[in-house]
Structure formats: C-alpha cells, structure tokens
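Let me begin by presenting the structure, written as structure tokens, before commenting on it.
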Amino acid sequence: MDLGGMLADANLLALLCLGFGLVLMLIEVFLPGFGVSGMFGSFLLVIGISLTARTLFEGLLLVIILLAIIGINLLIVYRSATKGKLRKSLVLAESLSKEDGFSSTEDLSAFLGQDGISCTVLRPAGIADFHGVKLDVVSEGEFIAPHTKVKVIKVVGRRVIVRKLPE
C-alpha cells in the first residue's frame, strides 16, 4: 500500500472540498435561494477541515482562517453592493413619482362630487354604482339601505366616503 499516494489523494480531496465549499458559499451570497448551495458549501468546508486537520488545534485554526476568508469576502461583496459595480445591478436607481404620472393606487379623486346608487347595504362599508362603475365605498357612519342615492363627499387614497342624498 502506497501511503504517500493516499495522503496526496486525501490532500487533493480536502483541497477540492475546501475550494468548492468556498465557491458554493459565494454563490449563495450572489444568488440567494433556499440556502442549498450555502448548506452544501458549509458541509464541504467541514469535510475539508476534517480531512486536512490532524489535531483539534489545527482544525480550530483552519476554522478561524476560513471564517476570516469568508468575512473578507463578505466585506468585499458589501462594499461592492454599496459603492461598486454590484450596486448598479442590485439597487434600483430610478424612482416612480407622481409628477411622472405614476401612482401606487388607482386615483379615485375623479369620483369626488358624483352621485350614485348603493348596490348593497352600507353599514358603513359596501358597494355603490356610479354610472356603471362599481366601487367599494364607506358611508359617514350611518346605515344606508340598498338602492339609495348617495354622493361622494371625500376620497382618501382608495377610500371613497359617501353621504346619503335626501330623497
């Protein structure tokens, strides 16, 4: 049995485990997913350390060195994500403003002052029809029966507040 050849194979296997483990951990940083590559990378690092270390002290030393390497890589990734090239692909630089015509909700202010008919009971929330457009509305707090004329008195975001019209 060739002991030197077995040790060389074990060192090569340990080196491959450590290298692929670090690569998989970096892949997890750049392409986050379910953590499969990060867990498999950690598993390979543990195997690489187990194959390399002959004593507990060497194992702890290797763990500290690997943690330092991972920490330095994370600092590089963090710096690149905040100030470097990675920032351009990760951080959205444009904003969608109301001045440019964008809105996070549908603008219902056009219904302000319009008359409609309640489709359901408003106690205080329900549905009203405004010339063929059905909207979720809220009364001022009063009970309003179905098929009652209502008027939009206030619009706040998606909240349309109505008042019962006198008959």
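Some notes on this structure:
- A Cβ distance below 8 Å, combined with a sequence gap of six or more or placement on separate chains, defines the contacts here; from segment 145-167, residues that are surrounded by 13 or more Cβ atoms within 10 Å (Cβ to Cβ) reach residues that are among the aromatic types (F, W, Y) in the pairs V152/F111; V152/F130; V155/F111; V160/F111.
- Residue count for segment 108-144 under the criterion of being outside any loop (DSSP other than H, G, I, E, B) and open to solvent by 70 Å² or more (accessible area, probe 1.4 Å): the result is 5.
- Test: residue in segment 22-29 that is out of contact with any Pro (no Cβ under 6 Å at 6 or more places or on another chain), modelled with pLDDT of 85 or more and open to solvent by less than 50 Å² (accessible area, probe 1.4 Å): yes
The values are calculated or read from the model by the stated rules, or taken from the named source; none is laboratory data. Just so we're clear, the structure is a prediction, and the values are computed from it rather than from any experiment. Counting neighbours? That spans all protein chains shown, and the Cβs are built from the backbone with ideal geometry, glycine included. Areas reflect the complete protein model, heavy atoms only, side chains present, ligands, DNA and RNA absent. Shrake-Rupley method; radii C 1.70, N 1.55, O 1.52, S 1.80 Å.
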